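Single-structure report; data block below.
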Amino acid sequence: MHSTPRILVKGAGVAGMTASVTLAERGGQVTLYDAGGRVGAGASWMAGGMLAPWCEAESAPAEVTAQSVDSVEWWAAHVPDVVRAGSLVLAPPRDVGEIARFGRRTSHFHTLGTEDIALLEPDLAGRFHKALFFADEGHVDPRKALVALRQSLEAKGGTVLLEGAQAPDEAEFDWVVDCTGLNARTRLTTLRGVRGEMILLRCPDVALHRPVRMLHPRIPIYIVPRADHVFMVGATMIESENAGGMTVRSMTELLNAVWTLHPGFAEAEILEMGTGLRPSYPDNMPTVVQDGQHIYVNGMYRHGFLLSPARAQEAANMIFGAPDKAA
């Protein structure tokens with residue numbers, strides 16, 4: 001093996017992009033390849049980009065929060081435009097009991113009343129009477145972030161093989177790091193697909209400064225602001241491997257949620273609707289598996305942007321050894 005290991009990273013979603021940059025920072029000679037032909041050709045393009053370790057504790061095991069509390073710092077150090085304005089959890093009046101349930105399962109939040117909500121989000125003034133505010137959380141535009149990581153990798157001397165590129169010969173590399181999601185199911189046989197759905201809206205009449213989670217007993221929905229009054233509206237994960245288009249019911253539920261948040265969304269322009277299958281293990285925990293000189297980073301479920309920095313570091317430690325804490 002060469003003193004500078006030659007590493008092929010397969011897959012240019014969030015797991016592959018994060019791993020590529022981390023491996024290059026550790027001194028690897030990294031080549032990135034994606035059979036889809038571009039950055040974010042898979043599920044990562046449809047992600048919300050919420051960096052919300054404390055909110056995720058509501059439904060995720062404690063390991064998710066423990067391993068992702070530094071994710072906001074990682075993203076802020078690697079890509080521009082990370083917004084560190086926290087997360088707001090709301091519920092319509094008929095479901096206000098859901099807020100107390102959410103609070104019992106989480107921590108690191110402040111309970112807000114009507115006036116506090118209005119101070120944080122003036123456009124929501126008078127519309128909600130109780131909320132939870134997770135001040136230490138953030139969010140990022142996934143599409144911009146993935147492109148920024150590509151630029152960072154190239155600046156570090158990495159090679160990017162995407163548009164029209166032929167698949168490289170794995171035998172020419174010392175290590176192969178496979179981040180290809182559901183395409184790796186022939187070897188990672190316990191992977192399953194979990195459906196996610198999203199709508200992109202443009203609404204000049206509404207301004208939000210942070211992600212808002214609208215609680216509902218059946219289908220919680222989140223609204224994430226992006227630049228130029230664009231909003232990503234998504235649902236929590238759906239146990240289905242149906243990769244088809246969005247149903248009328250799903251679209252209606254997403255649009256009703258944003259209309260409930262603010263009636264100004266009734267005049268929003270629908271820019272895009274999309275669905276995607278997130279690769280997931282039975283326990284919904286992203287995992288790094290080593291098989292000789294092959295390393296698999298997979299099963300990101302709904303935690304791709306949250307846990308990819310920790311999983312990338314884990315893969316790097318398999319190749320380079322754990323960093324000396326005394327250094």
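Any residue in segment 264-283 that is touching a residue at least 24 places away in the same chain (Cβ under 8 Å) sitting within a Cβ distance under 7 Å of a residue that is outside any strand (DSSP E or B) and open to solvent by 70 Å² or more (accessible area, probe 1.4 Å)? List the pairs, counting only those 6 or more apart or interchain.
GLY264/ASP205; PHE265/TRP259; GLU267/ASP205; THR275/ALA243; LEU277/GLU241; LEU277/ALA243; TYR281/THR190; PRO282/THR190
Taking segment 97-138 only, how many residues are in a strand (DSSP E or B) and at pLDDT below 95?
Residues of segment 97-138 in a strand (DSSP E or B): 110-112, 131-134, 138.
Next cut, at pLDDT below 95 only: none.
Qualifying residue count for the region: 0.
Identify, please: which residue in segment 281-326 is modelled with pLDDT under 95 and of a type in the set (Asp, Glu) and is, among those, nearest to the chain's Cα centre (by Cα)?
The extreme case among them is ASP283.
For segment 51-85, how many residues meet the condition of being touching a Phe, Trp or Tyr at 6+ places or on another chain (Cβ under 7 Å) and open to solvent by 20 Å² or more (accessible area, probe 1.4 Å)?
Qualifying residue count, segment 51-85: 3.
I'd like to check something: does segment 256-269 contain any residue that is farther than 26 Å from THR189 by Cβ, open to solvent by 50 Å² or more (accessible area, probe 1.4 Å) and outside any helix (DSSP H, G or I)? First the steps, then the outcome.
Step one: of segment 256-269, the residues farther than 26 Å from THR189 by Cβ are 256-269.
Retained after the next criterion (residues that are open to solvent by 50 Å² or more (accessible area, probe 1.4 Å)): 256, 259, 263, 266-267, 269.
With the extra rule that they be outside any helix (DSSP H, G or I), the set shrinks to 269.
Yes, segment 256-269 has at least one match.
Please go through segment 140-154 and give me each residue that is within 18 Å of HIS209 (Cβ to Cβ) and either free of Cβ contacts under 8 Å to residues at least 12 places away in the same chain or open to solvent by 10 Å² or more (accessible area, probe 1.4 Å) (or both), ordered by number. Before you say what the answer is, go through the steps one by one.
First, pick out the residues of segment 140-154 that are within 18 Å of HIS209 (Cβ to Cβ): 140-141, 144.
Result: ASP141, LYS144.
Can you tell me which of (1) out of contact with any strand residue (DSSP E or B) (no Cβ under 7 Å at 6 or more places or on another chain); (2) free of Cβ contacts under 8 Å to residues at least 40 places away in the same chain is the one GLY157 doesn't meet?
(2)
Look at segment 157-196 and say how many of its residues are under 25 Å from VAL82 (Cβ atoms) and surrounded by 15 or more Cβ atoms within 10 Å (Cβ to Cβ). First the steps, then the outcome.
Initially, segment 157-196 is screened for residues under 25 Å from VAL82 (Cβ atoms), giving 157-158, 160, 162, 177, 179, 181, 196.
Checking which are surrounded by 15 or more Cβ atoms within 10 Å (Cβ to Cβ) leaves us with 158, 160, 162, 177, 179, 181, 196.
Final tally of qualifying residues: 7.
How many of the residues making up segment 77-96 are touching a residue at least 24 places away in the same chain (Cβ under 8 Å), hydrophobic (A, V, I, L, M, F, W, C) and not in a strand (DSSP E or B)?
We begin by selecting, within segment 77-96, every residue touching a residue at least 24 places away in the same chain (Cβ under 8 Å); these are 78-93, 95-96.
Checking which are hydrophobic (A, V, I, L, M, F, W, C) leaves us with 79, 82-83, 85, 88-91, 96.
The next check asks that each one be not in a strand (DSSP E or B); those that pass are 79, 82, 85, 91, 96.
Qualifying residue count for the region: 5.
Considering only segment 113-138, how many residues are open to solvent by 10 Å² or more (accessible area, probe 1.4 Å) and in contact (Cβ under 8 Å) with a residue 60 or more places away in the chain?
Residues in segment 113-138 being open to solvent by 10 Å² or more (accessible area, probe 1.4 Å) and in contact (Cβ under 8 Å) with a residue 60 or more places away in the chain: 5 in total.
I need the full set of residues from segment 109-145 which are within 30 Å of GLY42 (Cα to Cα) and touching a Phe, Trp or Tyr at 6+ places or on another chain (Cβ under 8 Å), in order please. If you could, list the steps in order and put the result at the bottom.
Pass one, segment 109-145, residues within 30 Å of GLY42 (Cα to Cα): 134, 136-145.
PHE134, ASP136, GLU137, GLY138, VAL140, PRO142, ARG143, ALA145 - these are the residues of segment 109-145 that are within 30 Å of GLY42 (Cα to Cα) and touching a Phe, Trp or Tyr at 6+ places or on another chain (Cβ under 8 Å).
Which of the residues belonging to segment 297-327 are closer than 28 Å to TRP45 by Cβ, outside any helix (DSSP H, G or I) and either hydrophobic (A, V, I, L, M, F, W, C) or open to solvent by less than 10 Å² (accessible area, probe 1.4 Å) (or both)? Even if it seems obvious, please write down each step before you answer.
Initial filter on segment 297-327 (closer than 28 Å to TRP45 by Cβ): 297-316, 318-319.
In the following step, the residues that additionally are outside any helix (DSSP H, G or I) were identified as 297-303.
Correct list: VAL297, ASN298, GLY299, MET300, HIS303.
Identify, please: which residue in segment 234-250 is within 30 Å of ALA118 (Cβ to Cβ) and either in contact (Cβ under 8 Å) with a residue 40 or more places away in the chain or touching a Gly at 6+ places or on another chain (Cβ under 6 Å) (or both) and is, among those, surrounded by the fewest Cβ atoms within 10 Å (Cβ to Cβ)? Break it down into steps so the answer makes sense when it comes.
Keep residues of segment 234-250 that are within 30 Å of ALA118 (Cβ to Cβ), which gives 234-236.
Okay, now just the ones that are also either in contact (Cβ under 8 Å) with a residue 40 or more places away in the chain or touching a Gly at 6+ places or on another chain (Cβ under 6 Å) (or both), so 234, 236.
On the way: GLY234: 24, THR236: 15.
This residue is THR236.
The values are calculated or read from the model by the stated rules, or taken from the named source; none is laboratory data. Bear in mind that the values here come from a model prediction, so they are computed numbers and not experimental data. Here Cβ is always computed from backbone atoms with ideal geometry, including for glycine, and neighbour counts include all displayed protein chains. These area figures cover heavy atoms from the full protein model, side chains too; ligands, DNA and RNA do not enter into them. Shrake-Rupley method; radii C 1.70, N 1.55, O 1.52, S 1.80 Å.
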